[in-house]
């Protein structure tokens, strides 16, 4: 038996008696929500009650009334409905009729039923027979995919139950039907299209057509969808007789594409037999599948396709779908190829590509982008979705008709990696939907060496897609025509309903996980079968030649023609001496850089704004710019407090952010802020979305009222996801350099579940793929006695991944700060003032290049009375302060200062309070390093030279093995040429980021502050 025939003991079709209770037609109709209106052959008066007609009613009339009821119970009078329901449930003669409440309880009714059931003994059999046929049809629709011939290898490698299978659904005895019924004609329900224009068919023909629709090389999972229109649409696409037909031209095109797909892999195998390439052998039909999806989508108006995929088949997709130059692909195999000065680069089967070309089917230009993707196979999924959403947003494509995404997956990764579910979960959320994604699962029927029985708990790898009611089309990848038809249907589904759809290409890996692997070690029986398996191109070529579509000579000439194309490209590739990763860019910004890919300038302008603009934005932030809008009383007090700050020319953290956002919006920069609870702010400080207290779902976003011609502001609460949502926002930021895209963690600690995106894409993305990105991560951080999971954003992790050298003091040149930013892989800051936060956000957009920005944002400082900034610190000519020197008595007499305490962030306020209490304002200088990476070597040197008699202390509230210490200390030592030790004041090393005990927290805090100001505390080595 074919694989995936889940035991019939578990999925056995219902008997007629069970059908009457479990899958009765009225119940099915109730589930599906109604059907098309029944149109009987002759007009029946279906509005009359049953009682007057039961005595002496003709058999034909009752049958036709019954057919009308089968179509829809509402087609008949309520008394007929009750009668047929009871008869359908097996009520004995005389008990089926019940007078409904609106009718008079005629004493003739019961007698009439007795007479009818006695005079027409075949009625009950008629009811049961039609019900059995309807259950049979539904069983095929629900379960037919279990016995479809999906596996090219015809092995039971994914059968989760060892119980022997019974005969297929055609065993009519299971339904209470007899073999003598096979030639009996039955009326078809409107929930099937197998009849075409016919309303009735013999049972034998019904079964044959159901087998052809659901049990061949295509298996359709769709009956879990709770929308009748969508179910009917799918039924029509697969049940209509003769619907899967192809023209001669379509078959010729399919053959040509199969030749290119197959011969490309064979060419690589001949030239580089000892190189890994993760080839497509065993699933060559993927290439015509993708090209069909793109063709159909282009015909429907799609202008841009963004794709993401794992490594298997990537080179083939680049060559034959994206149409990257073959010589550029082949030169990557040259071991002598030198890398250009553009970063580390990446292996060839991780790289991406952007290309715009004419689609010859639609005669329309289409842009295609294949996103670069690391070995975390599904990590690219949300990134693709974010980039797709951004392109839709910037092009005004509110329905996804011009921009779409295609995601390719491996079967084991699709089932095993949670990011797949997170991405699906975003598919229908208003601020994250891309209006339908076509998912193509390259179902290898194995994960590296792991059998599916050990790799997942579900029968199919695609079962996760059911959570969003996405139809799933399983198809045998060795039947190219079936594959192409499924791709056409999937494309039309996406264009019609703008919802996700999954194509499960059931295939195999001819060469194992990669070309250097030996799959016989672990799957000997599977690979014995694979060795005997005829290639799909050979099988398809034999088929179309036999059909007279092409001649053998024409087929062989096409093979030779493509082989020559590959050979010519191979010869050209030998001339390549240097690898330029820029050729593999998947997200070019053509107007942002010079032609050579360099910034147009290396000057970063001042980030301050005029006082008039500050006051205007402040007034917007403290008002409700919508009439008759009732806000919460507590919010009224907050807005009044903002108004008072504007009058006093100061701002707190929330107002400083408002100033930055509002000014950028006014300058035409789109801002998107996303994350859990960002609209209000986790700590109830932001309130960028106001809610009317009297009208449900009525909201106001004051930030969108800054200026009549401003850019739009998108602020959106996300689902409770970090990995998926951060990946989405990263992809959004890839689409355009002229947008400020921010993701805020609910607590900074929660970035740990998004670590894959941070490691694989954000910290190293430019080095691997020459792809700049200006995404901003806002990570609430600070030790405030809230326990180990709500304290630390793990700054040590971000700093460890910074690429600046701690042992080299850089050469200080003109625009040193800007050059430092350009050379770093990302920027890490811990601002202690609202003004500095304001400036760093504006600098992120005004600087002439894009780098990821990591901001450790405060919690208690959001309302700290000292954590406020004057408007003077945000006026024109002001800039972001990488380091904030001491501006008190210590600075006036630097020669008297005995200690410099370097610090960053919130601890500054603890230190200055303690210094004042101890009367040490003139002997201890407290200096804040606001930009940790790239490290401000020049400014730190100026401070250490200024206080030449002072010892140096680094103070932090984090534990010694965490926080900033291990990053900052060697750089300060390098700055002083190792002539002055750097002492440490802070918590001892620990495994957890913070204590969960409030008293212990306060004790630790006092101890580290005492150490910072005890001038005699340090002895020996720092």
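No lab work stands behind these numbers, since they all come straight from the coordinates. Not measured: the values here are computed from a predicted model. FYI the Cβ positions are ideal-geometry reconstructions off the backbone, even for glycines, and counts take in every protein chain you see.
Taking 0.36 nm per residue of separation and subtracting the Cα-Cα distance, full extension of the segment from residue 752 to residue 644 would add 35.0 nm. Legend: ranking of residues 607, 552 from fewest to most surrounding C-beta atoms inside 10 Å; resulting order 552, 607.
Arrange the peptides 503-510, 310-317, 231-238 so that the one whose residues have, on average, the most other Cβ atoms within 10 Å appears first.
Working: 503-510: 26.1, 310-317: 24.2, 231-238: 19.2.
Highest-to-lowest ranking by the protection proxy: 503-510, 310-317, 231-238.
Extension gain for residue 698-residue 401 works out to 104.1 nm (0.36 nm per residue, less the C-alpha to C-alpha distance). In this label model, residue 518 and residue 208 are separated by 5.2 nm, measuring between points 7 Å along each Cα→Cβ vector. Against the chain, whose longest principal axis is taken from its Cα atoms, helix 536-546 shows a tilt of about 40°.
Here the label points at residue 635 and residue 457, each 7 Å from Cα along the C-beta direction, are separated by 4.2 nm in the simple model. Residues in the range 659-700, backbone N under 15 Å from the label point at residue 394 (7 Å along the Cα-to-beta-carbon vector): list them, ranges by number please. Under 15 Å, as judged by backbone N against the label point of residue 394, lie 668-672 of the range 659-700. Reported to the nearest whole Å, the Cα centre-to-centre distance from the range 522-589 to the range 211-231 is 33. Run the numbers on the range 253-394 and let me know its relative contact order in percent, using alpha-carbon pairs under 8 Å that are six or more apart. Reported relative contact order: 27 percent.
Using all pairs of distinct alpha-carbon atoms, the Kirkwood hydrodynamic radius of the range 526-684 works out to 23.9 angstrom.
Once both labels are positioned 7 Å from their Cα atoms along Cα-to-Cβ, the gap between residue 999 and residue 333 label points is 7.2 nm. What the Cβ-Cβ distance of residue 496 and residue 561 gives, at R0 = 35 Å and to the nearest 0.05, is a FRET efficiency of 0.40.
Any idea what diffusion coefficient the range 248-584 gets from Stokes-Einstein, in µm²/s, Kirkwood Rh on alpha carbon pairs, 10 °C, 1.306 mPa s?
Working: Rh = 20.5 Å.
The Stokes-Einstein estimate is 78 µm²/s.
Full extension of the chain segment joining residue 789 with residue 468 gains 112.4 nm, where the gain is 0.36 nm per residue of separation less the Cα-Cα distance.
Here the relative contact order of the chain, from alpha carbon pairs under 8 Å that lie six or more residues apart, stands at 9 percent. Over the chain, dividing the summed -39,500 (n - 2.57) contributions of all DSSP H runs of at least 4 residues by the number of residues returns a 222 nm mean residue ellipticity of -11500 deg cm²/dmol. Helix 611-621 versus the longest principal axis of the chain: what is the Cα-based angle in degrees, 0 to 90, to the nearest 10? Helix 611-621 sits at roughly 40 degrees to that axis.
When peptides 677-689, 620-632 are ranked by their average number of other Cβ atoms within 10 Å per residue, the highest-first order is 677-689, 620-632.
How much FRET efficiency would the formula 1/(1 + (r/R0)^6) give for residue 583 and residue 256, where r is the Cβ-Cβ distance and R0 is 22 Å, rounded to 0.05? Walk me through the numbers on the way to the answer.
Working: r = 27 Å, r/R0 = 1.21.
The computed FRET efficiency comes out at 0.25.
A protection proxy built from the mean count of other Cβ atoms within 10 Å ranks the segments 789-796, 299-306, most packed first, as 789-796, 299-306.
What is the Cα centroid distance between the range 742-766 and the range 856-891, reported in whole angstrom? Cα centroid to Cα centroid, the span is 27 Å.
Could you tell me the convex hull volume per residue, in Å³, taken over the Cα atoms of the range 913-984?
99
Taking a virtual spin label 7 Å from the Cα of residue 898 along the C-beta vector, which residues in the range 938-970 bring their backbone nitrogen under 19 Å of it? Counting only backbone N, you get 947-955. Across all Cα pairs in the range 889-1013, the calculated P(r) in 5 Å bins from zero up to the longest distance comes to 2, 11, 21, 24, 20, 13, 6, 2, 0 percent per bin.
Counting only DSSP beta bridges whose two residues both lie in the chain, roughly 25 percent are antiparallel. Helix 907-918 and the longest principal axis of the Cα set of the chain meet at an angle near 30°.
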